[in-house]
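Undergrad: Here you go, one structure.
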Amino acid sequence: MTIVTLSQAIAQDSTNALDSAVGNTPLLSLQRLGASLSPRVKMMAKAEWFNPGGSVKDRPARNILRAALSEGQLNNGKILLDSTSGNMGISYATLGAALGIKVTLTIPASASPERLKILRMLGAELELTDPLEGSDGAINVARQMFAEEPGRYYYANQYNNPANWHAHYTSTGPEIVQQTAGQVTHFVAGLGTSGTLMGAGRYLRQYNPEINIIAVQPDSPFNGLEGLKHISTAIRPEIYDPAFADELIEVSTEDAYEMVLRLAREEGMFVGVSSGAAAVAALKVAADLEQGLVVTVFPDAGYKYLSESFWEKLP
Ligand code: PMP
């Protein structure tokens with residue numbers, strides 16, 4: 001038996017309690033949503049809002065911070081700088097606060113007011129960018145700020161940083177295999193940076209090359225699916241390989257909004273709009289199957305989107 005003294009326990013705990021709470025999220029069954037499917041088809045979703053920062057982005061943020069710390073990139077009070085549509089910023093700010101690292105973010109001014117408030121509460125410095133230029137505008141401003149003051153910042157660059165997809169390769173992917181006892185047949189994930197799809201997808205394909213990997217994007221560059229990119233027309237993330245997925249499904253904003261309401265009312269899952277898009281695509285994939293286990297990822301909860309007017313327009 002190993003005896004741990006109280007001071008050892010406290011020392012271990014204080015190294016990083018919050019950091020170690022990331023991942024190992026529940027895999028929830030979508031039973032009512034899949035009621036009309038063949039009885040041998042199941043749909044499940046990773047409930048990523050269970051992460052301490054409230055979204056899937058805790059996984060890459062933790063990995064990027066760990067990699068930067070171990071390479072000494074954040075020495076001498078350097079500030080972590082990145083562009084974000086909101087969730088990655090919240091994850092950086094949450095874990096950065098826990099680790100004593102300063103965070104500066106470029107973010108479209110159109111990000112939901114809830115997100116901007118949360119980021120300010122967590123102590124992040126914000127540089128608001130042109131809403132008309134979306135996430136690409138935020139990327140360009142971050143690049144410019146880094147070019148002007150390279151000694152001040154560590155530019156984490158989530159779109160090009162391999163620690164982003166590695167996080168999913170080492171956590172999301174293995175968790176899905178373990179939680180489905182290896183039975184997963186289809187993996188469906190929305191595209192933002194593409195870290196979730198590329199990382200978990202690579203792990204799953206290595207585990208079993210028969211597993212189908214399906215990417216999801218909005219059906220237009222102008223959409224209400226915060227967190228997702230119309231990757232076909234946006235600045236392509238370096239970590240994204242367009243030839244990787246077996247299929248690319250497009251989802252409309254309206255269909256995703258309706259699905260958000262169905263998930264809330266039929267499954268008790270109050271999720272964000274990108275989860276709605278993922279569920280629309282997962283249901284489409286599942287409807288064509290005789291047999292299979294379709295796993296998707298629900299990146300965050302719905303609370304940050306309550307100021308959006310679509311809630312009122314829904315029945
Ligand atoms: N949904 C939401 C709500 C997000 O914030 C993100 C990250 N931008 C994604 C989906 C996409 O995740 P990834 O960056 O791993 O492609």
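The values are calculated or read from the model by the stated rules, or taken from the named source; none is laboratory data. Nothing here was measured: the structure is a model prediction, and the numbers come from that model. In this analysis, Cβ positions are derived from the backbone assuming ideal geometry, glycine residues included, and neighbour counts consider all displayed protein chains. Areas reflect the complete protein model, heavy atoms only, side chains present, ligands, DNA and RNA absent. Shrake-Rupley method; radii C 1.70, N 1.55, O 1.52, S 1.80 Å.
Undergrad: Skipping prolines and chain starts, which residues have an amide H placed within reach, meaning under 5 Å, of the one on Asn212, given they are 5 or more residues away or on another chain?
TA: Distant-sequence amide H within range of Asn212: His186, Phe187.
Undergrad: For the pairs Lys46/Lys304; Lys229/Lys304; Lys78/Lys304; Lys46/Lys78; Lys57/Lys229; Lys57/Lys313, flag any whose C-alpha to C-alpha distance is greater than 26 Å. Numbers along the way, then the final one.
TA: Working: Lys46/Lys304 19 Å; Lys229/Lys304 18 Å; Lys78/Lys304 29 Å; Lys46/Lys78 34 Å; Lys57/Lys229 15 Å; Lys57/Lys313 29 Å.
Distance filter (> 26 Å) returns Lys78/Lys304; Lys46/Lys78; Lys57/Lys313.
Undergrad: Related question: Going by amide H atoms built from the backbone, whose H comes under 5 Å of the H on Gly292, apart from near neighbours?
TA: It is Val41, Lys42, by chain and number.
Undergrad: Might you work out the accessible area of Arg236 for me, using a 1.4 Å probe with all protein chains in place, and round it to the nearest 10 Å²?
TA: 150
Undergrad: State in Å² the accessible area per residue of the range 58-155; use a 1.4 Å probe, count heavy atoms of protein chains only, and round to the nearest integer.
TA: Numbers: 4340 Å² over 98 residues.
With the other protein chains kept in place, the range 58-155 gives 44 Å² per residue.
Undergrad: So for the range 142-281, taking the charge dipole from beta-carbon charges (+1 Lys/Arg, -1 Asp/Glu), which of Gln206, Ala189, Tyr154 sits furthest toward the positive end?
TA: About the Cα centre, the residue reaching furthest to the positive side is Tyr154.
Undergrad: If you don't mind, another one. Through the Karplus equation 6.51 cos²θ - 1.76 cosθ + 1.60, θ set to phi - 60°, convert the phi angles of the range 94-99 into ³J(HN,Hα) values in whole Hz; use x for Gly and Pro.
TA: Those phi angles translate into 5, 6, x, 4, 5, 9 Hz.
Undergrad: Once you charge only the Cβ atoms, +1 for Lys and Arg and -1 for Asp and Glu, what is the size of the charge dipole of the chain about its Cα centre, to the nearest 20 debye?
TA: Details: 24 positive and 33 negative charges, 137 e Å.
Dipole about the Cα centre, nearest 20: 660 debye.
Undergrad: Let me ask another. Mind checking the full-extension length gain between Glu247 and Gln144? Use 0.36 nm per residue of separation minus the Cα-Cα distance, one decimal, nm.
TA: Numbers: separation 103, 0.36 × 103 = 37.08 nm, distance 3.49 nm.
The span from Glu247 to Gln144 would gain 33.6 nm if fully extended.
Undergrad: Something else about it: Which ³J(HN,Hα) values in Hz, rounded to whole numbers, follow from the phi angles of the range 164-176 under the Karplus curve 6.51 cos²θ - 1.76 cosθ + 1.60, where θ = phi - 60° and Gly and Pro get x?
TA: Each residue of the range 164-176 in turn: 5, 6, 4, 4, 7, 5, 9, 10, 4, x, x, 5, 5 Hz.
Undergrad: Keeping the other protein chains in place, figure out the carbon and sulfur percent of the accessible area of the chain, with a 1.4 Å probe.
TA: On the way: 7240 of 14090 Å².
Taking all protein chains in place, the chain shows 51 percent carbon and sulfur surface.
Undergrad: A further question follows. Going toward the positive end of the dipole of the chain, with +1 on Lys and Arg Cβ and -1 on Asp and Glu Cβ, which of Ser38, Ala109, Ala17 do you reach last?
TA: My answer, from the dipole projection, is Ala17.
Undergrad: Ser70 to Leu261: FRET efficiency via 1/(1 + (r/R0)^6), r the Cβ-Cβ distance, R0 25 Å, to the nearest 0.05?
TA: Working: r = 44 Å, r/R0 = 1.75.
So, using R0 = 25 Å, E works out to roughly 0.05.
Undergrad: Ok, one more. At 7 Å along Cα-to-Cβ for each site, give me the label-to-label distance between Arg236 and Ser307 in nm.
TA: For Arg236 paired with Ser307, the spin-label model returns 3.6 nm.
Undergrad: Can you give me the relative contact order of the chain as a percent, contacts being Cα pairs under 8 Å and 6 or more apart?
TA: Relative contact order, the chain: 21 percent.
Undergrad: Taking the Cα centre as origin and putting +1 on Lys and Arg beta-carbons and -1 on Asp and Glu beta-carbons, what dipole magnitude results for the range 104-208, to the nearest 20 debye? Numbers along the way, then the final one.
TA: Details: 7 positive and 9 negative charges, 77 e Å.
In total the dipole reaches around 360 debye.
Undergrad: Tell me, what HN-Hα J-couplings in whole Hz come from the Karplus equation 6.51 cos²θ - 1.76 cosθ + 1.60 at θ = phi - 60° for each residue of the range 204-210, using x for Gly and Pro?
TA: So the Karplus estimates, Gly and Pro as x, are 5, 5, 5, 5, 8, x, 6 Hz.
Undergrad: If you average the alpha carbon positions of the range 174-227 and of the range 237-284, how far apart do those two centres end up, in angstrom?
TA: 11
Undergrad: Round to a whole angstrom and tell me the spacing of the C-alpha centers of the range 132-156 and the range 72-119.
TA: 13
Undergrad: Considering amide H positions built from the backbone, and no H for Pro or chain starts, which residues 5 or more places from Val271, or on another chain, come under 5 Å of its amide H?
TA: Those qualifying (amide H under 5 Å, at least 5 residues apart or on another chain) are Ala264, Gly302.
Undergrad: Treating only the Cβ atoms of Lys and Arg (+1) and Asp and Glu (-1) as charged, compute the dipole magnitude of the range 58-155 about its Cα centre; round to the nearest 20 debye. Don't jump to the answer; show the numbers that get you there.
TA: Numbers: 10 positive and 11 negative charges, 85 e Å.
Here the size comes out at about 400 debye.
Undergrad: Among Leu283, Leu132, Leu105, determine the one that fluctuates most according to a GNM of the chain built with springs between C-alpha atoms less than 10 Å apart.
TA: Leu132
Undergrad: Taking 0.36 nm per intervening residue step and subtracting the Cα-Cα distance, what contour gain separates Ala109 from Leu132 on full extension?
TA: Details: separation 23, 0.36 × 23 = 8.28 nm, distance 0.91 nm.
Full extension from Ala109 to Leu132 adds 7.4 nm.
Undergrad: Would you calculate the convex hull of the Cα atoms in the chain and tell me its volume per residue in Å³? Mind dumping the intermediate values first?
TA: Details: hull volume 46.6 nm³, N = 315.
Hull volume over Cα atoms, normalised by residue count, gives 148 Å³.
Undergrad: Okay, moving on. Can you say what percent of the DSSP beta bridges in the chain, counting only those with both residues inside, are antiparallel? Round to 5.
TA: Percentage antiparallel, nearest 5: 15.
Undergrad: Need the full-extension length gain, Glu210 to Arg120, defined as separation in residues times 0.36 nm minus the C-alpha distance. One decimal, nm.
TA: Numbers: separation 90, 0.36 × 90 = 32.40 nm, distance 4.48 nm.
Gain on stretching Glu210 to Arg120: 27.9 nm.
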